[in-house]
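First comes the structure, then the notes that go with it.
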Amino acid sequence: MSAHAPWHIFEQTLHDPWTLAAEWKQQTGGPVIGHLLPDVPEELIHAAGALPIALTGAGVRAARAHALIPGYTCSHAMGVLERALTGQLEILDGMVIPYVCDTTRNLHHIWRRAFPKMWCEFLRLPKRLEHPGARDYLKEEFSRMREALCRHTHRAATDEALEESFCLYNKSRAKLREAYERHRKDPSTWSIRRLHALVASAQCAPRDLHLQWMERLPWNTEADEASHCRVPLYVRGKIWDPPELPELLDGLGFVVVGDEMVTGYRSVGEDVHLGGDPLEALVERHMRLIPYAGYHLSPREVVDGFLRRVEQSGAAGVLILDPKFCEAAGFDSPDLRQGLRRRGVPLLALETSDRGGAVGALRVRLEAFAEMLSQTVP
Ligand code: SF4
């Protein structure tokens, strides 16, 4: 078996989760439910007997979607709509769209009109996480979503079924956190590209199968001799868009010591606590997540939390990837940049979108940043 063989399945799944979903559907008879990232609890969908598939719009060139949604829409939302309009999501038996910003709220309305036959639910996440009623509200909303899912799948997501799903997903997340550790020690084998494929594919494959695939990886590789020459980087962003970015960072000698991507560490950093009320446990996890840019917290808390995470990571610099046309990122980013500058942390902020198609331009900026940081790494 070649050294690449055990990794191939993750990249393949990320590229084409639909073949696998069709096989799963045939074997189990269960429905496949797509969800727009971030923060739809996969465990709720899984416990209701369905296969959750996380959807992103990275790497999609929009054409038909322009007729239904304004051109100034982020490529994440625009790309997912394009996928649906061009028949790429026909395997789906349902869709869950979370409320994280005006764009996802609008997308939900557009979706219902464009695909009236597809079951579609809107998960109304609280925007003001600090509000005293936010936890109770979210528990009610998760409860409503659980009932809606069960009506749709004709399966009961009992407390016991939820606990089983929590165990499975916690086990998977623990293994993926271990993968992050391996990346830090041996970034040649556990490259950024492979790490991304590993973590992101977990969100679009049957989790038990994905765990089995992970067992085949070379977990005992030796620490990479050259890893100390790599430039430790912290990444703030949402999805890797354009999708070539992880490979680009590998090629420039970075090692990612922390990230906040919704297809990255943010999706695996927190587990669900076992043994209590399952919906309260899901609420607790939601509140512990790195706050998504669309949520409202006091600016000081957002900045202080971010700076603390950057400092703990040991990064030599920070890469901020703001999606083009993302108003939420536009609100947070200036405060975060100012905070980094006050502390003297080197920073590169890029507005990215595959729609620009400017990988070459990104490479030039990243090369210059890598060169500057490499002079500060002992
Ligand atoms: S928060 Fe930004 S990136 Fe996320 S869906 Fe909304 S506009 Fe798009």
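The numbers here are math on the coordinates, done by the rules we state, and not lab data. The structure presented is a predicted model; accordingly, all values stated were derived computationally and were not measured. FYI the Cβ positions are ideal-geometry reconstructions off the backbone, even for glycines, and counts take in every protein chain you see.
Data table
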read-out	value
Length-normalised contact order for the chain - Cα pairs under 8 Å, 6+ apart - percent	19 percent
Unit charges at the beta carbon, dipole of the chain: most positive-side option, 9, 377, 323	323
Out-of-range pairs (alpha-carbon distance over 24 Å; input 117/139; 127/324; 171/324; 25/175)	117/139; 171/324; 25/175
Net charge of neighbours whose Cβ lies under 11 Å from the Cβ of residue 105, counting Lys and Arg as +1 and Asp and Glu as -1	+1
Sites excluded, chymotrypsin sites (Phe, Trp or Tyr not before Pro) in DSSP loops with at most 14 other C-beta within 10 Å, longest stretch of the chain	220-378
Segment residue 140-residue 225, length gained on full extension (0.36 nm per residue, minus Cα span)	25.5 nm
Proxy reagent accessibility, fewest Cβ within 10 Å first, across 43, 247	247, 43
Which of 186, 259, 159 has the fewest Cβ neighbours within 10 Å, and the rest in rising order	159, 186, 259
Ellipsoid semi-axes in whole angstrom, largest first, where each is sqrt(5λ) of the Cα gyration tensor of the chain	31, 24, 22
In degrees, nearest ten, helix 159-185 long axis to first principal axis of the chain (Cα)	10 degrees
Unit charges at the beta carbon, dipole of the chain: most positive-side option, 180, 98, 246	98
Dipole magnitude (debye, nearest 20) for segment 219-374, charges at Cβ of Lys, Arg, Asp, Glu	600 debye
Between segment 231-277 and segment 50-67, the alpha-carbon center distance in angstrom	20 Å
Computed over segment 219-374: relative contact order in percent, which uses C-alpha pairs under 8 Å that are six or more apart	30 percent
Which of 351, 141 has the fewest Cβ neighbours within 10 Å, and the rest in rising order	351, 141
Value of [θ]222 nm, deg cm²/dmol, for the chain, DSSP H segments ≥ 4, -39500 (n - 2.57) each, nearest 500	-15500 deg cm²/dmol
